[in-house]
Amino acid sequence: MTAIMSALYFHALRPQDKVAVKPHAGPVLHAIHYLLGEQSLDKMQRFRGLDGVQSYPSRTKDTIPVDFSTGSVGLGVAVTAFSSLVQDYLIAHGQVREEDAGRMIALMGDAELDEGNIYECLIEGYKHDLRNCWWIVDYNRQSLDATTSDRMFRRFDDIFETCGWRVVTLKYGRKQREAFKRPGGKTIEHWIDNCSNADFAVLTYQGGASWRTRLMTDIGSKPHVAKLLDDFDDDGLAALMTNLGGHCIETLVDAFASADDEKPTLFIAYTVKGHGLPLAGHKDNHSGMMNPTQMEQLREGLGIAEGEEWEPWGGLGGNVAARLKAFVEASPIARKVRETTVPAVPVPRHLPVPDGDEQSTQAAFGRVLLDLAKSGEPLADRIVTTAPDVTQTTNLGAFVNQRGLFRRQELADVFQNAKIPSAQKWSQHAAGQHIELGIAENNFFIMLASLGLAGPHFGTRLIPVGTVYDPFISRGLDALNYGCYQDARFLLVGTPSGITLAPEGGAHQSINTPLIGMGQPNLTYFEPAYADELTAMMHWSFDHLQQEDGGSVYLRLSTRSITQVTRDGDSWKADALRGGYWLRRPADGAQAAIVFSGVIAPEALAAWEDLVDDIPGLGLLNVTSPDLLHRGWSAQRAARWSENAGARSHAETLLSVLAPGAGLVTVLDGSPSALSWLGGVRGMRVSPLGVDRFGQTGDLPDIYRTYRLDANAIVDATAELFLGE
Ligand SMILES: Cc1ncc(C[n+]2csc(CCOP(=O)(O)OP(=O)(O)O)c2C)c(N)n1
Ligand SMILES: [Mg+2]
């Protein structure tokens with residue numbers, strides 16, 4: 001990676017290019033910035049320690065410019081392709097100039113090619129006519145555990161070329177190519193080509209003498225070979241045999257220069273893992289550490305005096321050091337475009353609440369977006385919607401009808417042209433604001449991550465809104481985490497959700513997504529029951545996505561149409577946006593409350609009405625965000641050990657109206673543990689209802705009864721609080 005990154009950062013990179021550096025090459029990136037004077041000695045010395053250089057490049061925690069965080073292999077590769085699509089979107093929308101288009105580059109390991117998300121990305125990239133993307137493979141034929149399979153040799157060429165990529169293989173370094181031209185050289189080249197990965201690794205580890213013995217045994221009798229080998233001493237022979245393309249600066253520089261158009265390009269740079277070190281080639285070297293003697297030998301070999309290990313130009317004579325310093329300071333990385341803070345897109349003061357006595361949160365979501373699309377608000381122009389083949393069934397359709405699908409080259413809606421009636425316009429053009437993806441949720445989440453980094457990456461904001469069937473969040477979960485880890489900003493809508501999707505059956509009914517919403521950092525999860533709650537949450541989200549200390553938002557919605565409540569003013573709203581509000585306020589010191597989230601509201605309300613005469617002052621708490629309530633509560637507990645002690649959490653404020661020993665019945669269409677923890681806030685008894693086994697098909701009343709989510713179950717659970725065990 002040192003040679004690859006030297007050639008890239010000090011030669012080939014352009015100021016507007018962005019690079020995802022594979023996790024284990026993080027130290028090289030930091031070393032480059034150390035040479036530039038942009039990384040401190042202190043942080044370098046504390047590599048992998050608290051406040052030191054992060055083990056893997058991190059956008060949010062490292063202080064040098066990091067274009068993409070990496071760590072989960074495969075994702076840092078695919079993200080570059082999606083960022084290139086985002087760049088194309090911004091160019092088409094006049095937010096970035098074509099001449100400022102950068103290359104999105106991934107530096108990757110060969111074992112990353114085993115990750116399925118790479119191939120999902122290749123297919124999606126081809127559909128969207130991907131350009132300006134380079135993937136550079138450190139092809140050391142080693143993964144973590146061992147050497148990789150020989151059978152894949154050259155298969156990658158076919159796969160990538162099929163998907164429209166150019167493949168540039170850098171197999172031999174300059175020294176090798178020169179030797180191959182000499183008498184006997186072709187025979188050695190042929191031998192290398194047929195050598196297995198494992199054999200090559202073993203010989204590399206063993207060194208020059210072993211190379212000689214093996215080559216003499218295999219091909220020593222062929223014309224001129226013995227003579228050619230004799231021209232090299234053992235060290236020279238080892239250096240020749242491992243002078244692969246990826247270690248040769250000239251070869252790398254030429255290869256990068258050869259790809260000077262916008263065609264996506266895969267560079268397969270052959271390397272040896274641990275090149276130049278005593279553990280080179282050993283299959284167990286993945287976590288290999290050199291011992292102190294080996295470190296000393298390395299230092300001496302590089303001509304660096306003891307105590308000068310951290311000297312940026314250590315080991316070089318004065319003249320060479322000065323020239324190298326000047327070279328580095330004038331190199332492309334020094335001219336790299338730096339990220340700046342981008343002004344926020346104004347959020348309208350008010351979003352109209354969709355009307356209708358009966359509504360589902362999913363339909364209301366579609367209406368809010370449609371109204372925005374028609375509104376002429378600047379915010380509407382920055383919204384980009386995306387979905388993995390579920391645009392229509394998640395109610396994005398109306399927005400897409402208004403704003404069109406995005407595609408660089410116009411593509412007419414053939415059905416529309418043929419005058420065949422259809423509710424959904426499907427014309428694609430450069431001004432479109434919806435990016436339709438194939439059914440691969442990993443791609444969807446990496447797309448959201450890329451869109452959500454438009455501000456820092458391209459200096460212009462987008463407001464990404466993505467919809468996915470709630471259960472299939474799990475399919476793209478690592479990619480969702482990846483987006484959040486780099487603080488990309490997007491609005492994620494998981495819909496429909498829960499066993500409320502009754503006739504659809506267990507495979508489509510999400511159960512644990514509330515826990516995902518609660519557990520995922522940098523993502524605020526809301527579960528609205530009513531259309532006005534949803535509208536308030538969307539309004540809040542459009543602002544939150546753009547705040548310096550904001551984050552992404554996840555809305556868990558439903559297709560179940562429920563009767564809306566009549567409101568007495570707006571006083572509920574502030575509390576709803578903090579995680580919960582009393583839909584029916586309890587009497588001071590009340591002995592019990594029903595606590596619910598989301599679509600189960602009618603059942604909770606019916607149970608409350610059933611019980612309120614028997615349990616005077618019974619409360620009905622609508623938890624709009626188990627996530628915010630829990631975060632606030634645990635943050636307040638943690639704050640007891642810091643300066644902010646004393647501030648009461650919203651959960652505690654809400655529950656403090658009840659009697660200290662009151663009982664709670666909690667209920668939601670999802671894992672009961674999303675709400676049952678509320679009992680711990682003030683030490684109350686809890687009877688938790690929810691779903692903790694797989695669902696199945698059925699009519700809604702049957703399903704609610706079977707899974708104990710109906711009003712009767714809530715009434716029973718409340719009664720049990722008073723009757724005891
Ligand atoms: C998704 C994921 N699974 C597992 C790992 C653990 N891991 C780190 S590096 C690695 C193998 C890397 O091999 P390769 O990509 O060829 O890189 P090399 O170390 O050979 O340069 C693995 C399995 C990870 N980082 N991410
Ligand atoms: Mg490898």
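The values are calculated or read from the model by the stated rules, or taken from the named source; none is laboratory data. Since the model is a prediction, treat every value here as computed from it, not as a measurement. Cβ sites come from the backbone with ideal geometry, for glycine too, and all protein chains shown count toward neighbours. Just so you know, the surface numbers come from the protein's heavy atoms only, side chains and all, with ligands and any DNA or RNA stripped out. Shrake-Rupley method; radii C 1.70, N 1.55, O 1.52, S 1.80 Å.
Here are some notes:
- Per-residue HN-Hα couplings for the stretch 630-639 [Karplus 6.51, -1.76, 1.60; θ = phi - 60°; Hz; x = Gly/Pro]: 5, 4, x, 5, 6, 5, 5, 5, 5, 5
- Positive minus negative residues near residue 351 (Lys, Arg vs Asp, Glu; Cβ under 14 Å): -3
- Backbone phi angles across the stretch 477-487, fed through the Karplus curve with coefficients 6.51, -1.76 and 1.60 (θ = phi - 60°), yield HN-Hα couplings of 4, 5, 5, 4, 4, 4, x, 5, 4, 8, 6 Hz in residue order; Gly and Pro are listed as x.
- Filter on 181/283; 43/325; 127/171 - keep pairs with C-alpha separation over 26 Å: 181/283; 127/171
- The 1.4 Å probe gives accessible areas that order 153, 526, 180, largest first, as 153, 180, 526.
- Residues whose placed amide H lies under 5 Å from that of residue 167, excluding near-sequence neighbours: 266
- Amide H to amide H distances under 5 Å link residue 139 with 269, 270, 271, where only residues 5 or more positions off or on other chains count and H is placed in the peptide plane.
- Packing-based order for 215-222, 402-409, 497-504, using average beta carbon neighbours within 10 Å, highest first: 497-504, 402-409, 215-222
- Cβ-placed point charges (K, R +1; D, E -1), dipole of the stretch 248-367 about Cα centre in debye, nearest 20: 180
- Taking Cα centre as origin and charging only the Cβ of basic (Lys, Arg, +1) and acidic (Asp, Glu, -1) residues, the dipole magnitude of the chain rounds to 1440 debye.
- The stretch 607-725 shape via C-alpha gyration tensor axes, a/c threshold 1.5: oblate
- Label-to-label distance, nm, for residues given as residue 647 and residue 321 (7 Å Cα→Cβ offset): 5.0
- Shape call, the stretch 468-592: gyration tensor on alpha carbons, a/c limit 1.5: oblate
- For residue 22, the residues whose amide H sits under 5 Å from its own are 107, ignoring neighbours fewer than 5 places away on the same chain, with H placed 1.01 Å from N.
- Once you reduce the stretch 641-702 and the stretch 443-483 to the center of their Cα atoms, the two points are 30 Å from each other.
- Sorting the segments 343-349, 285-291, 675-681 by their mean number of nearby beta carbons within 10 angstrom, highest to lowest, gives 675-681, 343-349, 285-291.
- Accessible surface of the stretch 130-256 [probe 1.4 Å, protein heavy atoms]: carbon and sulfur percent: 52
- Per-residue extension of 0.36 nm, minus the Cα-Cα distance of residue 561 and residue 460, leaves a gain of 32.6 nm for this segment.
- For the stretch 273-284, Karplus couplings with θ = phi - 60° (6.51, -1.76, 1.60), whole Hz, Gly/Pro x: 6, x, 3, x, 10, x, 9, 4, x, 5, 5, 8
- The residues packed around residue 129, meaning those with a beta-carbon under 15 Å from its beta-carbon, carry a net charge of -1 if Lys and Arg are +1 and Asp and Glu are -1.
- Sorting the segments 463-472, 562-571 by their mean number of nearby beta carbons within 10 angstrom, highest to lowest, gives 463-472, 562-571.
- Projecting the Cα atoms of 245, 615, 690 onto the charge dipole of the chain (Cβ charges, centred on the Cα centre) puts 245 farthest toward the positive pole.
- Anisotropy class of the stretch 550-641 from Cα gyration tensor, a/c 1.5 cut: oblate
- In summary, the lysines within cross-link reach of residue 175, defined as a Cα separation below 24 angstrom excluding same-chain residues under 8 places away, comprise 186, 222, 227, 273.
- Computed over the chain, relative contact order equals 11 percent, with contacts defined as Cα pairs under 8 Å that lie 6+ residues apart.
- Counting only protein heavy atoms and a 1.4 Å probe, the chain has 42 square angstrom of accessible area per residue.
- Note on the stretch 37-116: with neighbouring protein chains present and a 1.4 Å probe, carbon and sulfur make up 47 percent of its accessible heavy-atom surface.
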